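Inspection log for the structure reproduced underneath, given as structure tokens.
The values are calculated or read from the model by the stated rules, or taken from the named source; none is laboratory data. Everything numeric here is computed off the predicted structure, so don't read it as measured data. Here Cβ is always computed from backbone atoms with ideal geometry, including for glycine, and neighbour counts include all displayed protein chains. All accessible areas refer to the heavy atoms of the entire protein, side chains included, with ligands and DNA or RNA removed. Shrake-Rupley method; radii C 1.70, N 1.55, O 1.52, S 1.80 Å.
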Amino acid sequence: MMSISEAMKPEMIGKTVQLHGWVYRIRSSGKLSFIILRDSTNIIQLLASADSLGSDAYRELSSLTVESSLEVTGTVRDDKRAVTGYEVAIKTYRIYQKNEMFPVSKDLGEEFKLDNRHLWLRSREFTAMLKVRSTVFKAFADFYYNENYYQVQAPMMVATATEGGSTLFKVPFFGEEVNLTQSSQFYLETFIFSLERVFTIAPSFRAEKSRTWRHLTEYWHAEMEAAWLNNEDMMKIEERMIEYIVEEVLRNNRPELELLKRDIGVLENIKVPFERIKYSELIKKAQDFGMNLKYGDDLGADEERGIMNHFQKPVFITDYPTSLKAFYHRQNPENPSEILCHDLLAPEGYGEIIGGGERIWEYDELVRRIKESGMNPDDYYWYVDLRKYGSVPHSGFGLGLDRLVMWILHLPDIKEAIPYPRTIRRTKP
RNA sequence: GCCGUUGUAGCUUAGUUGGUAGAGCACCCGGCUGUUAACCGGGCGGUCGUCGGUUCGAAUCCGACCAGCGGCGCCA
């Protein structure tokens, strides 16, 4: 048995191969049928000939339907008329299942494809996306392993909020209640006192009633924390990481990028350094960017789009006002009204994919900021404890992997970047 | 939470000032020895989201209900 891509090599011409897979397309005439066979690697044209197979076998093969499963043996030849340049003339075959009717065909609405995601993911487009997604997840981990980071795992069921209590999912827990995590960040911070540099890839859950093209209630969060690093160190790591992930996609997924008609030139241009713009500078330049923004306003979807229309590469926006971000960000000692943080905005209108920066590492400052945010430091006792025993400056970030895949592939909606999207109104399939 | 919008065949959809509900794909049957979204002929498939109202007559006009979708905010 071999894969379709293994069979489609010049040295295989004239050889007999055994292939298995699914019917991708089928066309038949009186004496000839063309079955396009699909497996995880590629598609290839099979030829069924009535003269060489006999009429009973020919009838059986030519009546196959889309996504029926089968195994064939036959001889490979190159043929320019075949869709991928090679063709296998069927000698023997075994049909595993002939389908009645595959519900997924051409001309489908977005909703129908979502309802049938378990079947739609067999499509060549979705398969291509899944292969790129696989590369992105691996490249993220590889990058940090290469930088001598350790991968760690945080709990998904937690007692405390990271980003604010209103967006927590409550789950029954032996007669009490627990929350699904919004971020593994606080737990990652606990690890830096032993491992110093750690990362994790895990889902995060946000009970926000978002209905947009770039929000999920369950999304894949790549997070990292490191001792001794400051905000600028962090941005240097992140831009190299993004460059590396894009390079890996370009190196491993050319066929997928071409199938999805991605503009490869845009990706080839993603090289360090990325521009850094302070929030306060951005406000001064707001008019140039065609925006009506004053100091203290958060950047909305229109603003992010307006900014990124001017850049071909990702851009860091840094030093946000303290009031715009969560309590754990460290204030600039020289200007406490601003924090030592950054967001990374993706080009081509995609906007924020990373949020990160320095964490508060001094005990008094953290307790004060928790109180100022209207929360009880006792609820965060273990997080506060970290600032009592050998605390050190440290930084970290969170990356939305689904958003990254969406941008790398220039997809129109984040639901196209994850196999089974969970949104405010979708839990199936 | 706020604003907007749509329900017609398994899927994608057309349907004019209210007058017998049409097509493409898929599927089934027949034809074709080189197809590329194959093609040609035939067939199957509809309580026009539901309920009520106006009318001689409603997919079309009105009302209520149900279900779905898009955008903003929130963030990654």
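Tabulated values for the structure
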item	result
Chain A, dipole about Cα centre (Lys/Arg Cβ +1, Asp/Glu Cβ -1), debye to the nearest 20	1720 debye
Apportionment of accessible area to carbon and sulfur, chain A, percent (1.4 Å)	50 percent
Karplus-derived HN-Hα couplings along region A:249-258 (A = 6.51, B = -1.76, C = 1.60, θ = phi - 60°), whole Hz, x at Gly and Pro	5, 5, 6, 9, 10, 3, x, 5, 5, 5
Gaussian network model of chain A, Cα within-10 Å springs - most flexible of A:R305, A:R387, A:R81	A:R81
Highest-MSF residue in chain A out of A:P419, A:P155, A:P314 [GNM, Cα springs under 10 Å]	A:P155
Relative contact order of region A:13-142, defined on C-alpha pairs under 8 angstrom at six or more residues apart (%)	22 percent
Within a Gaussian network of chain A (alpha carbon springs, distance under 10 Å), most fluctuating of A:E238, A:E352, A:E111	A:E111
Residue-normalised accessible area of chain A, expressed per residue, 1.4 Å probe, Å²	47 Å²
Share, in percent, of DSSP beta bridges within region A:267-425 that are antiparallel, nearest 5	85 percent
Relative contact order %, chain A, counting alpha carbon pairs below 8 Å whose residues are six or more apart	13 percent
Beta bridge orientation in region A:114-416: antiparallel %, DSSP, nearest 5	85 percent
Sorted peptide list for A:360-367, A:16-23, criterion being average Cβ within 10 angstrom, highest first	A:16-23, A:360-367
22 Å tail of the calculated P(r), region A:134-216, as % of Cα pairs	39 percent
Relative packing of A:139-149, A:373-383, which averages over residues the other C-beta atoms within 10 Å, highest first	A:139-149, A:373-383
Anisotropy class of region A:195-280 from Cα gyration tensor, a/c 1.5 cut	oblate
Anchor A:K294: aspartates and glutamates whose Cα lies under 18 Å away (excluding residues fewer than 8 positions away in-chain)	A:E281, A:D302, A:E303, A:E304, A:D319, A:E338
Out-of-range pairs (alpha-carbon distance over 23 Å; input A:K9/A:K138; A:K9/A:K98; A:K278/A:K325)	A:K9/A:K138; A:K9/A:K98
